[in-house]
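Peer 1: This is the structure I have questions about; it appears just below.
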Amino acid sequence: MKVAILTGGGDCPGLNAVIRAVVRRGEQHGFEFVGVREGWRGLIENNHFRLNRDAVSGILHLGGTILGTSRTNPFKKEGGPERVVQTLNENHIGAIVAIGGEDTLGVAKRLFDRGVKVVGCPKTIDNDLNGTDYTFGFDTAVSIATEAIDRLHTTAEAHNRVIVCEVMGRHAGHIALHAGLAGGADVILVPERPIVLDDVAQLLRSRLARGRRFSIVVVAEGAQLQVGKDEVQTKDLDEFGHVRLGGIGAYLAREIEVRTGIESRATVLGHIQRGGSPTARDRVLGTRYGVFAADLVRDGKWGQMAALHGDAIVGISLEEATKELKLIDPGLFEVAEVFFG
Ligand code: F6P
């Protein structure tokens, strides 16, 4: 059988590890592969190339994706789903391995509902995909953010400043919570808990009163103020209807300076969190997901996604994976709160 592999949505460290694993395992099962260029766009535009063991050699440690990616949504294009099916039929492609987050896998689920043979792999630095303990890419993003917070600490301390570090994560606070905990942040602000500026200022003033003249605040890009949230969001929407987030860090730094009198700065980590080599953990997780996805294809388990439960890789339905966002564990946030202020 000929199998298409695609990577959709934002790039993420570990994508190449998954692609390599799907191909290596799949060839053991006797499959042939094509790599689809730039996510669902490549299936709409019939743009793909032969992928084999040689083509995936030497890519395990590389960031990005050798297939390219895009945020294309076939269900937002005139005749999009039909063109996807036409590409599959014309090229005798029997199945798709879709590697992506809630958007890419949401498309996979809708195509599966129309009879397309598809399996999924859970990718996103945001770690917000339901039904899996961790997505690959998250560990790398947290490691990068933690290292950045360590570096910001020294400047904050040297200058007696508050530094607000804005991290990614969209509408879930996983990156902020984990990196904030690992980096020893004095306040962590996440979308799951609306921000009360007076409370933040009070925490920072209490540090000052104890002689701690610097502070680190980690804020998730999707965190919102309890009042006045419209001030810090753009209105741009992508094909999946997501607003482009960003700006809360700068807003907070200004407000903190006004309320506390402590000089404050903001740093936005942005796409640095998605760049470069995956951590060892993400390489291993991506490899396990890829091998499992190839086995799902062998077993004809269409509409399923590889997921991590505890330390085991299991299959769950794409429906389960995409039915809601996975938000932070409140218990972990309580642990982080012990160290606030
Ligand atoms: O979903 C991954 C992610 O990096 C989010 O954390 C962030 O909000 C978004 O993608 C950024 O998207 P783009 O790369 O299109 O600006």
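Peer 1: With a cut-off of at least 3 residues that are over 23 Å from the mean Cα position of the chain (by Cα), name the strands (runs of 3 or more DSSP E) lying wholly within the range 37-142.
Peer 2: 48-51, 93-100
Peer 1: Checking the condition in contact with a strand residue (DSSP E or B) (Cβ under 7 Å, 6 or more places away or on another chain), surrounded by fewer than 20 Cβ atoms within 10 Å (Cβ to Cβ), assigned to a helix (DSSP H, G or I) and touching a residue at least 24 places away in the same chain (Cβ under 8 Å), which residue from A148, A156 passes?
Peer 2: Answer to the selection: A148.
Quick grid of which residues meet (1) more than 21 Å from the chain's Cα centre (by Cα); (2) small (G, A, S); (3) farther than 15 Å from F136 by Cβ:
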site: S277; (1), (2), (3): no, yes, no
site: R283; (1), (2), (3): no, no, no
site: Y289; (1), (2), (3): no, no, no
site: D295; (1), (2), (3): yes, no, yes
site: G300; (1), (2), (3): yes, yes, yes
site: A312; (1), (2), (3): no, yes, yes
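Peer 1: Looking at this structure, is L208 at negative phi, in a helix (DSSP H, G or I) and touching a Phe, Trp or Tyr at 6+ places or on another chain (Cβ under 8 Å)?
Peer 2: For L208, the condition - at negative phi, in a helix (DSSP H, G or I) and touching a Phe, Trp or Tyr at 6+ places or on another chain (Cβ under 8 Å) - is not met.
Peer 1: Testing G275 on (1) of a type outside the set (F, W, Y); (2) surrounded by fewer than 16 Cβ atoms within 10 Å (Cβ to Cβ); (3) in contact (Cβ under 8 Å) with a residue 12 or more places away in the chain; (4) more than 16 Å from the ligand (Cβ to nearest atom), one condition comes back false. Which one is that?
Peer 2: (4)
Peer 1: Now for a different question. For the range 281-303, indicate whether the set of residues that are surrounded by 20 or more Cβ atoms within 10 Å (Cβ to Cβ), at pLDDT 95 or above, among the polar types (S, T, N, Q) and within 16 Å of the ligand (Cβ to nearest atom) is non-empty.
Peer 2: No.
Peer 1: What's the total number of residues in the range 319-339 that are more than 17 Å from the chain's Cα centre (by Cα) and part of a helix (DSSP H, G or I)?
Peer 2: Count: 10.
Peer 1: On the given criteria, is G276 among the small types (G, A, S), in a helix (DSSP H, G or I) and either touching a Leu at 6+ places or on another chain (Cβ under 7 Å) or under 27 Å from T69 (Cα atoms) (or both)?
Peer 2: When the stated conditions are applied, G276 does not pass them.
Peer 1: Another one. Look at N127 and say whether it is within 16 Å of the ligand (Cβ to nearest atom) and at positive phi.
Peer 2: When the stated conditions are applied, N127 passes them.
Peer 1: Given the conditions (1) touching a strand residue (DSSP E or B) at 6+ places or on another chain (Cβ under 6 Å); (2) assigned to a loop (DSSP other than H, G, I, E, B), report the number of the one that G30 does not fulfil.
Peer 2: Result: G30 fails condition (1) only.
Peer 1: Take the conditions over 15 Å from the mean Cα position of the chain (by Cα) and closer than 26 Å to R212 by Cα and apply them to A156. Does it pass?
Peer 2: yes
Peer 1: Name the one entry in D54, D11 that is within 16 Å of the ligand (Cβ to nearest atom) and of a type in the set (D, E).
Peer 2: Result: D11 is the single residue among D54, D11 that is within 16 Å of the ligand (Cβ to nearest atom) and of a type in the set (D, E).
Peer 1: Let me confirm something: among D150, D198, D139, which residue is under 26 Å from G100 (Cβ atoms) and more than 12 Å from the ligand (Cβ to nearest atom)?
Peer 2: Exactly one of D150, D198, D139 is under 26 Å from G100 (Cβ atoms) and more than 12 Å from the ligand (Cβ to nearest atom), namely D139.
Peer 1: Which count do you get for residues in the range 167-188 that are closer than 17 Å to N127 by Cα and either assigned to a loop (DSSP other than H, G, I, E, B) or under 18 Å from the mean Cα position of the chain (by Cα) (or both)?
Peer 2: Adding up the residues that qualify gives 14.
The values are calculated or read from the model by the stated rules, or taken from the named source; none is laboratory data. All of these numbers come straight from a predicted model, not from anything done at the bench. Note that we place each Cβ from the backbone using ideal geometry, even for glycine, and neighbour counts take in every protein chain shown.
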